[in-house]
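Step one of this worksheet: look at the structure below.
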Amino acid sequence: MTIDSNAAVSQRRGVHVALWALQILLAVFFVLASAPKLLGEPTAVQMFDLIGFGQWFRYLTGGLELLGAIGLLVPRLAGAAALGLAGVMVGATITQMFVFQAPVMALMPFVLVLLFLVVAWGRRRSIPLLAAWS
């Protein structure tokens, strides 16, 4: 092994560790974010009333967030879970902007979309449709 290949291996290991750290942080965040929705916390109930789809949508959103958080911690599912959660956060961004008319509040889910796309790209080998770009 040459010095260049050692550096490349070290860099790949660093990216791998950074992705795992990001995945763990995002998973913890989304376990905590899903709890009020799934447990019927009054603010979450009121917020989903304003959205207008009914309370089934609150359970769906909370369930997707919880399943996505778990998926982020399973190596074979991490890329797909990140893509799924990016989709959920695209919906949250649109909801903040157009339903709640709070563009500033849309920044948080938008940043989360970007973070999930970073994870999905980093774990693209576990996503059949993206594996070709590996």
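Here are some notes:
- Computed E for R125/L60 - FRET, C-beta separation, R0 25 angstrom, nearest 0.05: 0.30
- Under the criterion of Cα pairs below 8 Å and six or more residues apart, the relative contact order for the chain equals 21 percent.
- Cα point-scatterer Debye curve for the chain, base-10 log of I(q)/I(0) at q = 0.16, 0.17 Å⁻¹: -0.83, -0.91
- Protein accessible area in segment 3-134, 1.4 Å probe - carbon and sulfur %: 75 percent
- Annotation for L67 and A21: the two label points, set 7 Å from Cα along the Cα-Cβ direction, are 3.1 nm apart.
- With only the Cα atoms considered, segment 44-107 has a convex hull volume of 80 Å³ per residue.
- Under the convention that each Lys and Arg Cβ holds +1 and each Asp and Glu Cβ holds -1, the size of the dipole of the chain around its Cα centre is about 420 debye.
- Against the chain, whose longest principal axis comes from its Cα atoms, helix 3-39 is set at around 10 degrees.
- Å² of accessible area per residue within segment 1-96, as computed with a 1.4 Å probe and no ligands counted: 59 Å²
- Inter-label distance, nm, simple model (7 Å from Cα along the C-beta direction), A35/V9: 4.2 nm
- Angle between the chain longest axis and helix 107-122 axis [Cα atoms, degrees, rounded to 10]: 30 degrees
- With respect to the chain, whose longest principal axis is taken over its alpha-carbon atoms, helix 78-94 is tilted by about 40°.
- Between L50, L72, L83, the Gaussian network model of the chain with springs among Cα atoms under 10 angstrom shows the greatest mean-square fluctuation at L50.
- Farthest toward positive dipole pole in the chain [+1 Lys/Arg, -1 Asp/Glu at C-beta], among G52, G91, A102: G91
The values are calculated or read from the model by the stated rules, or taken from the named source; none is laboratory data. What you see is a predicted model, and the numbers here were worked out from it, not measured in a lab. All Cβ positions, glycine included, derive from the backbone under ideal geometry; neighbour counts span all protein chains shown. Only protein heavy atoms, including side chains, enter the accessible area calculation; ligands, DNA and RNA are left aside. Shrake-Rupley method; radii C 1.70, N 1.55, O 1.52, S 1.80 Å.
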